[in-house]
1. Out of all the residues in the range 45-63, is one or more touching a residue at least 24 places away in the same chain (Cβ under 8 Å), of a type outside the set (D, E, K, R), touching a Ser or Thr at 6+ places or on another chain (Cβ under 6 Å) and closer than 24 Å to Asn83 by Cα?
2. Please work out which one of (1) touching a residue at least 40 places away in the same chain (Cβ under 8 Å); (2) surrounded by 12 or more Cβ atoms within 10 Å (Cβ to Cβ); (3) among the basic types (Lys, Arg) is the condition Arg11 fails and give its number.
3. Are there any pairs, at least 6 apart or on different chains, whose C-beta atoms fall under 6 Å, with the first in the range 15-36 and surrounded by 10 or more Cβ atoms within 10 Å (Cβ to Cβ) and the second polar (S, T, N, Q), and if so, which?
4. Would you pick out the residues in the range 68-84 that are surrounded by 10 or more Cβ atoms within 10 Å (Cβ to Cβ) and at pLDDT 85 or above?
5. What's the total number of residues in the range 28-44 that are outside any loop (DSSP other than H, G, I, E, B) and either of a type in the set (Asp, Glu) or within 29 Å of Thr81 (Cβ to Cβ) (or both)?
6. Among the residues of the range 53-67, how many are loosely packed, with under 10 Cβ neighbours inside 10 Å and at pLDDT 85 or above?
7. Among Ala39, Ala47, Ala77, which is within 30 Å of Asp26 (Cβ to Cβ), of a type outside the set (D, E, K, R) and under 21 Å from the mean Cα position of the chain (by Cα)?
8. Any residue that is touching a Pro at 6+ places or on another chain (Cβ under 7 Å) and of a type in the set (D, E, K, R) - is there at least one of those in the range 53-67?
Amino acid sequence: MDQEENPLLQRSSNVENQTNWLVQSDYVHPFGEEGKFEAGVRLNMRAVNNDYLVEERREGEEWRLVDGPTGDPFDDAVVYTENIYAAYFLAG
């Protein structure tokens, strides 16, 4: 059977979830008519999980992972975490 009679089928799967947290607090205290003291804190946390894979098959065959450019299977599980902490003080 040639490839036109038995085409190559591909499918991919991608599952992603993301969590974001933002906590912020600011304080302002006036001094006299024009002066003030300001302070604040901020916390920003982010987590991203992304799992994907690519598979292929020909009719009558089982699904198998596609090889990527390096010869390894074309699948991955990416986990990205970002935490930012900040504080500020101003007086004037």
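1. Pass one, the range 45-63, residues touching a residue at least 24 places away in the same chain (Cβ under 8 Å): 45-60, 63.
Right, trim to of a type outside the set (D, E, K, R) and you get 45, 47-50, 52-54, 60, 63.
From the residues that got through so far, the ones that are touching a Ser or Thr at 6+ places or on another chain (Cβ under 6 Å) too are 47, 53-54.
Now drop any that are not closer than 24 Å to Asn83 by Cα, which leaves 47.
Checking the range 45-63: at least one residue is touching a residue at least 24 places away in the same chain (Cβ under 8 Å), of a type outside the set (D, E, K, R), touching a Ser or Thr at 6+ places or on another chain (Cβ under 6 Å) and closer than 24 Å to Asn83 by Cα.
2. Arg11 satisfies all of (1) touching a residue at least 40 places away in the same chain (Cβ under 8 Å); (2) surrounded by 12 or more Cβ atoms within 10 Å (Cβ to Cβ); (3) among the basic types (Lys, Arg) except (2).
3. As it stands, the answer is Glu16/Asn50; Leu22/Asn44, since those pairs meet every condition given.
4. Matches in the range 68-84: Ala77, Val78, Tyr80, Thr81, Glu82, Asn83, Ile84.
5. Residues flagged as outside any loop (DSSP other than H, G, I, E, B) and either of a type in the set (Asp, Glu) or within 29 Å of Thr81 (Cβ to Cβ) (or both) within the range 28-44 amount to 7.
6. The number of residues fulfilling the criteria is 1.
7. Sole residue among the options that is within 30 Å of Asp26 (Cβ to Cβ), of a type outside the set (D, E, K, R) and under 21 Å from the mean Cα position of the chain (by Cα): Ala47.
8. Checked against the condition, which is being touching a Pro at 6+ places or on another chain (Cβ under 7 Å) and of a type in the set (D, E, K, R), the range 53-67 yields at least one hit.
The values are calculated or read from the model by the stated rules, or taken from the named source; none is laboratory data. What you see is a predicted model; the values in this text were computed from it and never measured. No Cβ is skipped: glycine too gets one built from the backbone with ideal geometry, and neighbour counts run over all protein chains shown.
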